[in-house]
Amino acid sequence: MRRGERGYAPSRGHLAELLERLPELSHESMPQVVLEEFEPLLDSSDMTPADWLHTARAIERRYEQFDGFVVLHGTDTMAYTASALSFMLEGLSKPVILTGSQVPLIEPRSDARENLITSLLLSARAEL
């Protein structure tokens with residue numbers, strides 16, 4: 001999310017820029033990260049069941065390529081998305097983790113950094 005005149009809004013490519021500046025992602029204990037941005041980028045308050053289906057299909061399409069999945073999501077509707085995905089992706093043997101933060105990653109004292117790093121580490125553990 002980028003801060004603009006009307007508050008925070010999704011911005012194409014901004015997350016990739018931020019991830020490049022996180023030294024923790026280069027640590028040997030971290031899994032390889034592949035970022036896929038959806039089109040259009042949405043504020044979570046604008047998500048619909050069609051967006052849940054789009055997310056589930058993206059995971060299913062790339063399922064064999066990865067050990068796990070992390071979905072970055074706004075907190076407004078994360079519980080609804082998590083519930084829908086739990087039914088759509090029932091029976092998977094790989095972790096699918098939804099994570100977000102109360103304060104955007106660009107802000108000082110954000111909880112996003114730790115939430116993201118922990119989610120990535122856990123997503124690489126199929127035994128979860």
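Bear in mind that the values in this text are calculations on the coordinates, not laboratory data. All values derive from a computational prediction rather than experimental measurement. Heads up, the Cβs are rebuilt from the backbone with ideal geometry, glycines too, and the neighbour counts pull from every protein chain shown.
Restricting to region 102-128, count the residues that are part of a loop (DSSP other than H, G, I, E, B) and of a type in the set (Lys, Arg). Show your work before the answer.
Initially, region 102-128 is screened for residues part of a loop (DSSP other than H, G, I, E, B), giving 102-111, 124-128.
If we keep only those that are of a type in the set (Lys, Arg) as well, we get 109, 125.
Summing the residues that are part of a loop (DSSP other than H, G, I, E, B) and of a type in the set (Lys, Arg) in region 102-128 gives 2.
Given the condition surrounded by fewer than 12 Cβ atoms within 10 Å (Cβ to Cβ) and either among the β-branched types (Val, Ile, Thr) or part of a helix (DSSP H, G or I) (or both), answer yes or no: does some residue in region 2-9 qualify? So far as region 2-9 goes, no, none of its residues is surrounded by fewer than 12 Cβ atoms within 10 Å (Cβ to Cβ) and either among the β-branched types (Val, Ile, Thr) or part of a helix (DSSP H, G or I) (or both).
In region 103-110, is there at least one residue being under 22 Å from LEU42 (Cβ atoms), surrounded by 19 or more Cβ atoms within 10 Å (Cβ to Cβ) and under 11 Å from the mean Cα position of the chain (by Cα)? Within region 103-110, none of the residues are under 22 Å from LEU42 (Cβ atoms), surrounded by 19 or more Cβ atoms within 10 Å (Cβ to Cβ) and under 11 Å from the mean Cα position of the chain (by Cα). PRO40 satisfies every condition listed in (1) more than 21 Å from ALA124 (Cα to Cα); (2) in contact with a Gly (Cβ under 9 Å, 6 or more places away or on another chain) except (2).
For the residues THR55, THR77, THR81, THR99, the requirement of being crowded, with 16+ Cβ neighbours inside 10 Å and more than 24 Å from GLY7 (Cα to Cα) singles out THR55.
Which residues, taken from region 58-72, are surrounded by 12 or more Cβ atoms within 10 Å (Cβ to Cβ) and not in a strand (DSSP E or B)? Working first, answer last.
From region 58-72, those surrounded by 12 or more Cβ atoms within 10 Å (Cβ to Cβ) are 58-60, 62-63, 66-72; that's our starting set.
Matches in region 58-72: ALA58, ILE59, GLU60, ARG62, TYR63, PHE66, ASP67, GLY68.
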